[in-house]
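A.B. asks: Provided herewith is a single structure, encoded as structure tokens, for subsequent inquiry.
Just so it is clear, none of the values below were taken in a lab; they were calculated from the coordinates. What you are looking at is a predicted structure, and each value in this text was computed from that prediction instead of being measured. Backbone-built Cβ (ideal geometry, glycine too); neighbour counts: all protein chains shown.
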Amino acid sequence: MNNSTPDGSPQIGLFDSNAHPDFSDSDGSGYQSYVEAARTSGFVGACAVGLPGTDPRQHMLRCRESGFLTPVAPWRSTGIRSQRRALRNLHELGYHALKVHPRWGGPAVGTREFRRLLQIATGFDMVVFLCTYPFGNARSRLGDRLLDDLDTALASTPDARIVLLHGGAVDLLRYIEFCRANDQLLLDLSHTLVKYPGSSLDDDIAFAVKHFDRRVCVGTDHPYYAIGDVVDRLAFFLRGLPEDKQQNVLRHSIENFLNPR
């Protein structure tokens, strides 16, 4: 972590758990530019988390061509009857993970559709990446419901493996305790790491990487946040931690979660 990039920012051996190289991409250049920037910053790999509307076949192709990206399939609400066929198609394309974004195309975590999706995905041994940023228009009825709804969903599928993207945002400590009680969950700090500097979340993030390092990973949320800003914030929080804890947060937690022994 003491090496630097040409612009002076630190190099860091991160496996990025939440990048979106498909954002505004039409010719593959978005994937290429992200991979080049990530390699320059010393990243060792990344989850390319597909956004709703991205073509899953093309997304898989771009990821394979990169030799760097682990593909996470985009997902939109299909209705319960079509779920198994849609998930089987993704699995046959080679996907081992998919992303559910309740605010961008659902399904909401409190619905039967989400619970059924979780059950089918688990049957295909697929990891579910779930957005946990809970705020939006009041009509979407998110707010404080999300963690309670997730508790209900996990009760129906206790073997489901879920990456909780953004770590619950301002509810980070509550999500840490929820993950502590549920071994099949992994907490991602993308978005939250960069959005709230100077707030009480600084203490919560420091607590997470120091005391919960085996269950925490970090994503850039590229392109919504600059890679350099994420690297700088992460370097700040990891400074002074033992090397094994740094490596857990940087790569081992997410790598072991995606490829359990």
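A.B. asks: Can you give me the relative contact order of the chain as a percent, contacts being Cα pairs under 8 Å and 6 or more apart? Please report the intermediate quantities before stating the final value.
C.D. replies: Numbers: 464 pairs, mean separation 49.1, N = 261.
It comes to 19 percent, rounded to a whole number.
A.B. asks: When only DSSP loop residues count, what chymotrypsin sites (Phe, Trp or Tyr not before Pro) in region 108-175 have their Cβ near at most 12 other Cβ atoms within 10 Å? Present the calculation step by step, with values, prior to reporting the outcome.
C.D. replies: Values: sites: Phe114, Phe124, Phe129, Phe135, Tyr175; in loops: Phe124, Phe135.
In loop regions of region 108-175 (DSSP not H, G, I, E or B), the sparsely surrounded chymotrypsin sites (Phe, Trp or Tyr not before Pro) are Phe135.
A.B. asks: On to the next question. Mind checking the dipole of the chain: about its Cα centre, +1 per Lys or Arg Cβ, -1 per Asp or Glu Cβ, Debye to the nearest 20?
C.D. replies: Numbers: 29 positive and 30 negative charges, 195 e Å.
So the magnitude is around 940 debye.
A.B. asks: Could you list Trp75, Trp104 so that the one with the fewest beta carbons within 10 Å of its beta carbon is first and the one with the most is last?
C.D. replies: On the way: Trp75 25, Trp104 15.
With the fewest neighbours first, Trp75, Trp104 line up as Trp104, Trp75.
A.B. asks: Given springs between every Cα pair under 10 Å in a Gaussian network model of the chain, which of Thr54, Thr111, Thr192 has the largest fluctuation?
C.D. replies: Thr111
A.B. asks: Next up: Describe numerically, in nm with one decimal, the distance between label points set 7 Å from Cα along Cα→Cβ at Gln58 and at Arg174.
C.D. replies: Placing both labels 7 Å along Cα→Cβ, they lie 3.9 nm apart.
A.B. asks: Which residue, Ala138, Ala160, Ala97, has the most motion in a Gaussian network model of the chain that connects Cα atoms within less than 10 Å?
C.D. replies: Ala138
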